[in-house]
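Data block below; observations after.
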Amino acid sequence: MTFKLLIFWASWAWFPFAAACLWLIFRGSPRRRMVAAALLMVTAVPAYARFIEPRMLTVHEETILLPGASETSPSIRIALLGDPHIGIFGNAVPIRRIVDRINAEKVGAVFLAGDLTYHPRAEDVAGDFAALADLEAPLFAVLGNHDVGFPGEDLTDALLAALGESGATFVQNRAIETEISGQRVVVSGASDLWQRRQDFSFSAALPDGLPVLLLTHNPDTALVVPDSFRYDLMLAGHTHGGQVRIPLLYRHVLPVTGPFDKDLHRIETRGGERLVYVTTGTGMVGLPLRFLMPPRIDILTLHLPE
């Protein structure tokens, strides 16, 4: 963690460095001007990734036809949020800003796919997530690996208390029948894959005839869901879409393991085709940087089977 914080704070030295380069560009000898301009151009890229892109909160909209649905089928509009990673990196998008942006979209429900934290102080958790109480749509949530101690401190109790204060419905390893935008659906959830406490026994009692949404953190969960559990769409995060997405190299910066990267995936399992949607999230781990992968909230229009 010391190295991560060193990068976070030492990066501020770029501003006096850039000022010195500009001074040389305007006042130095021709040779020094060329060197200063080259250095400024090269260092501007990581400076952009550190100071600008992590704050560029974007909205991505997508329409998904659930199995058995058509473009004229009834639909619901939801927001998917993942990986805010509030903690040691102060350049992560604050929860208040995320809430305001989601409220402006007028969705029927909000799904939070875990990894709320990244090495915060436990006593700060309640304040960090208090703004979730101002969401104008119902919030469904699960925790991610960084929330439950893989790695870091296990903040389960603090986060459950904060989510409870916000009015969130915690759906880890359970399912509820609810109504979103006038449509009856089942919202279910799975605990984090790395925690190894996933329990899908609740699937045996799911009502027939209703679309089932499965919320989890790690999309690799799709590879271990029992074949007997027929969900319509999995919602997940975890990958950050690579976070620092240098073409051809991004998988080596923040490795995206397994078959999942971002957006909608269709995978074949022994139980048939599965739909898995992966949000790229809003926060950062490892490095306090985002490059060609800005923070993102996903607004999904889901057409339901009739």
I'd like to know if segment 58-70 contains one or more residues that are touching a residue at least 40 places away in the same chain (Cβ under 8 Å), over 15 Å from the mean Cα position of the chain (by Cα) and closer than 28 Å to residue 148 by Cα.
no
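Would you tally the residues in segment 135-147 being surrounded by 14 or more Cβ atoms within 10 Å (Cβ to Cβ) and among the charged types (D, E, K, R)? Spell out the reasoning first.
The initial filter retains those residues of segment 135-147 that are surrounded by 14 or more Cβ atoms within 10 Å (Cβ to Cβ), namely 135, 137-147.
If we keep only those that are among the charged types (D, E, K, R) too, we end up with 147.
Matching residues across segment 135-147 total 1.
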Does residue 89 satisfy the condition of being in contact (Cβ under 8 Å) with a residue 60 or more places away in the chain, in the same structural domain as residue 285 (by TED's automatic domain parsing) and either closer than 23 Å to residue 211 by Cα or not charged (D, E, K, R) (or both)?
yes
Going through segment 232-251 one residue at a time, which ones are farther than 14 Å from residue 265 by Cβ and among the hydroxyl-bearing types (Ser, Thr, Tyr)?
250
Criterion (modelled with pLDDT of 95 or more, in contact with a helix residue (DSSP H, G or I) (Cβ under 8 Å, 6 or more places away or on another chain), of a type outside the set (Ser, Thr, Tyr) and more than 28 Å from residue 179 (Cα to Cα)) met by exactly one of 135, 143, 155
155
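Residue-wise test of (1) of a type in the set (Gly, Ala, Ser); (2) modelled with pLDDT under 95; (3) more than 27 Å from residue 160 (Cβ to Cβ).
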residue: 75; (1), (2), (3): yes, no, yes
residue: 83; (1), (2), (3): no, no, no
residue: 88; (1), (2), (3): no, no, no
residue: 92; (1), (2), (3): yes, no, no
residue: 95; (1), (2), (3): no, no, no
residue: 99; (1), (2), (3): no, no, no
residue: 109; (1), (2), (3): yes, no, no
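Inside segment 8-61, can you point out the residues that are more than 25 Å from residue 91 (Cβ to Cβ) and of a type in the set (Lys, Arg)?
Of all residues in segment 8-61, those more than 25 Å from residue 91 (Cβ to Cβ) come to 23-38, 61.
Scanning segment 8-61 gives 27, 31, 32, 33.
Does segment 162-204 hold any residues that are of a type in the set (Gly, Ala, Ser) and loosely packed, with under 14 Cβ neighbours inside 10 Å, and which are they? Explain how you work it out, then say what you get.
Within segment 162-204, the first condition is being of a type in the set (Gly, Ala, Ser), and the residues that meet it are 162, 164, 166-168, 175, 181-182, 188-191, 201, 203-204.
Correct list: 164, 167, 182, 201, 204.
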Starting from segment 184-206, keep only residues that are under 13 Å from residue 233 (Cβ atoms), then list their pairs with residues that are at pLDDT 95 or above and small (Gly, Ala, Ser) whose Cβ atoms are within a distance under 6 Å, requiring at least 6 positions of separation or different chains.
186/175; 188/175
Take the conditions touching a strand residue (DSSP E or B) at 6+ places or on another chain (Cβ under 9 Å), of a type in the set (Phe, Trp, Tyr) and surrounded by fewer than 22 Cβ atoms within 10 Å (Cβ to Cβ) and apply them to residue 150. Does it pass?
no
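Which of the residues that make up segment 40-62 are among the β-branched types (Val, Ile, Thr) and not in a helix (DSSP H, G or I)?
The initial filter retains those residues of segment 40-62 that are among the β-branched types (Val, Ile, Thr), namely 42-43, 45, 52, 58-59.
Once the filter is applied, which keeps residues that are among the β-branched types (Val, Ile, Thr) and not in a helix (DSSP H, G or I), segment 40-62 yields 52, 58, 59.
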If we keep only residues of segment 70-91 that are farther than 23 Å from residue 195 by Cβ and aliphatic (A, V, I, L, M), then the residue surrounded by the fewest Cβ atoms within 10 Å (Cβ to Cβ) is 76
Can you name every residue in segment 94-119 that is in a loop (DSSP other than H, G, I, E, B) and either of a type in the set (S, T, N, Q) or surrounded by fewer than 24 Cβ atoms within 10 Å (Cβ to Cβ) (or both)?
94, 106, 108, 119
Condition met for residue 24 (touching a helix residue (DSSP H, G or I) at 6+ places or on another chain (Cβ under 6 Å), buried (at least 16 other Cβ atoms within 10 Å of the Cβ) and either closer than 14 Å to residue 296 by Cα or not assigned by TED's automatic domain parsing to the domain that holds residue 271 (or both)):
yes
Condition check: farther than 14 Å from residue 81 by Cα and either assigned to a strand (DSSP E or B) or among the polar types (S, T, N, Q) (or both). Does residue 297 satisfy that?
no
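Any residue that is without any contact (Cβ under 8 Å) to a residue 40 or more places away in the chain, of a type outside the set (Gly, Ala, Ser), in contact with a helix residue (DSSP H, G or I) (Cβ under 9 Å, 6 or more places away or on another chain) and surrounded by 15 or more Cβ atoms within 10 Å (Cβ to Cβ) - is there at least one of those in segment 233-246? Walk me through it before giving the result.
If we filter segment 233-246 for residues that are without any contact (Cβ under 8 Å) to a residue 40 or more places away in the chain, which is where we start, we get none.
No, segment 233-246 has no match at all.
The values are calculated or read from the model by the stated rules, or taken from the named source; none is laboratory data. The model shown is predicted, which means the values in this text are computed figures rather than measured ones. Backbone-built Cβ (ideal geometry, glycine too); neighbour counts: all protein chains shown.
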